[in-house]
Amino acid sequence: MSYSPDGQQYQPYRPQGQSPQPPHGDQYGGPYGQPHPPYGQQPQAPYGQEPRYEHQQYGDQYGYDPEPPPRKSRVRRWVIAGASVLALAGIAALVMNHFEIPPFTDKGSQVSFGQPPAGSGKKNDAAAQPASSKMLMPTGPAADFKNSMTLPDGTHVAVTTLDGKKSGFKGKVWVWAPKEYNDPKFAKSGFPVLIALPGGAGFPTNYWMGTDLGLQTSISKWYAEGKSKPFLLAMPVLNPQPDDKGIYWDGSDIPGQPKMGTWLTEDVPDLMKANFRTVKSRDGWAFMGSSTGGFAGLKAVLKHPDKFKAVIASGPDIVPDSSLWKGYDKEKAENNPEVLAKQLIDRKGPDVYLAFQVGDSENNKKTLPDVQKFIATYGNKGPVHTDLRIIKGGQHNAKTYVPNMGEGPIQFISKVMEGPVE
């Protein structure tokens, strides 16, 4: 008995070593009328045919169906099976990543941004900071940041729920730090902060936190091109609830309502100071926003010029117009950018830098004329410095505003801001 290379048994003879007897043939076992070839030689095939080996001859003639050595076919089957398994595994991983199922996504994992994680019991080293430093070390306590998404350069957009101590409002804030923040070259440097406000409802999310608009990647790109500071981003909710029936809060402390003005100008900056190396002075603090968020950022800088130096306001309202102001005319005037700009000019400072950008195809046809009127009345008079970029064909949406920020507005404010600083 012999074996084929893969261990399969092969039987050229019948059991007990007896040869099969053909119904016709000579005494040597060859086909009828043909002598068997000498011992050790194979029969000669007719001209034009492949030679037939002994086991093929017996198998063909007497009904056997011997198997050829199966190594190649088995290897091929294993390769196909392996490739299929890998393909299915790849598809499964993509599906689980899409639906954010661990371990195929890092969404929800803790992000510390170089700080001791919340609840670790470890302290930051703010006390070791020199008094002369322009940089403010994280003051703590560390927030519980969870990863919302990871960008291609390895940076994270993280989210936390901030219980505002000064406003009494509790809501979500998304944060992002550029890759330079973790560069050893900047390990002792404080970074400027840009508080980015959305338009529309601004609740329960802030649309700047998503990567589809490209704000984070644009800041990295603009910094590499020398156009922008490497801003830290704070992206809080703008309103305390959905703008049901057109109700919104103008980013202000409207009497009897959640104190969204204090939330944006006190609690959110305190969160950034607690968790990041920032700039001590107002030279490292600015707002940006679109539509209602543009109004809120513009008003915040004019109302608190001691804390914030600049704003990029895209397609903004110029005056407060929430229906919740009814009956509170005095408080409404205290949150009116026109009134605030006049007061700042009258008291001669401090200097603020207001970068506007407006599309010439905005759905509200009053937006561009209102901005132009504001600039004509208050712009570049004393401490109020203004700049306007009119976007040709630009509409009232964030996809219009982000790419155009790099063509002027981000440069306008970056020239007057500080950071990274030691």
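The values are calculated or read from the model by the stated rules, or taken from the named source; none is laboratory data. On a predicted model such as this, the values are computed, not experimentally measured, just so you know. Neighbour counts are summed over all protein chains in view; Cβ atoms, including those assigned to glycine, are modelled from backbone coordinates with ideal geometry. Please note that ligands, DNA and RNA were not included when accessible areas were found on the heavy atoms of the full protein model with its side chains. Shrake-Rupley method; radii C 1.70, N 1.55, O 1.52, S 1.80 Å.
Given the residues LYS166, LYS172, which is the only one that is surrounded by 16 or more Cβ atoms within 10 Å (Cβ to Cβ), among the charged types (D, E, K, R) and under 29 Å from SER252 (Cα atoms)?
Within the list LYS166, LYS172, the selection yields LYS172.
Can you spot a residue in region 179-189 that is at pLDDT below 95, open to solvent by 10 Å² or more (accessible area, probe 1.4 Å) and farther than 18 Å from PHE276 by Cα?
no
Do you know which of the residues in region 313-330 that are in contact with a helix residue (DSSP H, G or I) (Cβ under 7 Å, 6 or more places away or on another chain) and without any contact (Cβ under 8 Å) to a residue 60 or more places away in the chain is surrounded by the fewest Cβ atoms within 10 Å (Cβ to Cβ)?
Here the answer is VAL319.
Output the number of residues of region 176-225 satisfying the condition of being polar (S, T, N, Q) and touching a Gly at 6+ places or on another chain (Cβ under 7 Å).
2
Could you run through region 382-400 and say how many residues are in contact with a helix residue (DSSP H, G or I) (Cβ under 9 Å, 6 or more places away or on another chain) and either at pLDDT below 95 or under 12 Å from ALA355 (Cα atoms) (or both)?
Qualifying residue count for the region: 8.
Taking the stated definitions as given, is LYS309 open to solvent by 10 Å² or more (accessible area, probe 1.4 Å) and free of Cβ contacts under 8 Å to residues at least 60 places away in the same chain?
Here the answer is no, as LYS309 does not meet what is asked.
Being within 28 Å of the chain's Cα centre (by Cα) and surrounded by fewer than 22 Cβ atoms within 10 Å (Cβ to Cβ) is the filter here; which residues of region 234-253 pass it?
Residues satisfying the conditions are PRO240, GLN241, PRO242, ASP243.
Can you tell me which residue among ALA398, ALA355, ALA333 is more than 30 Å from the chain's Cα centre (by Cα), open to solvent by less than 50 Å² (accessible area, probe 1.4 Å) and among the aliphatic types (A, V, I, L, M)?
Only one candidate qualifies: ALA333.
Provide a single number: the residues in region 201-232 that are open to solvent by 70 Å² or more (accessible area, probe 1.4 Å), part of a helix (DSSP H, G or I), in contact (Cβ under 8 Å) with a residue 60 or more places away in the chain and over 14 Å from PRO403 (Cβ atoms).
The qualifying residues number 1.
Which residues, taken from region 252-268, are in contact with a Phe, Trp or Tyr (Cβ under 7 Å, 6 or more places away or on another chain) and closer than 24 Å to THR160 by Cβ?
Listed by number, the residues that qualify are GLN257, PRO258, LYS259, MET260, TRP263.
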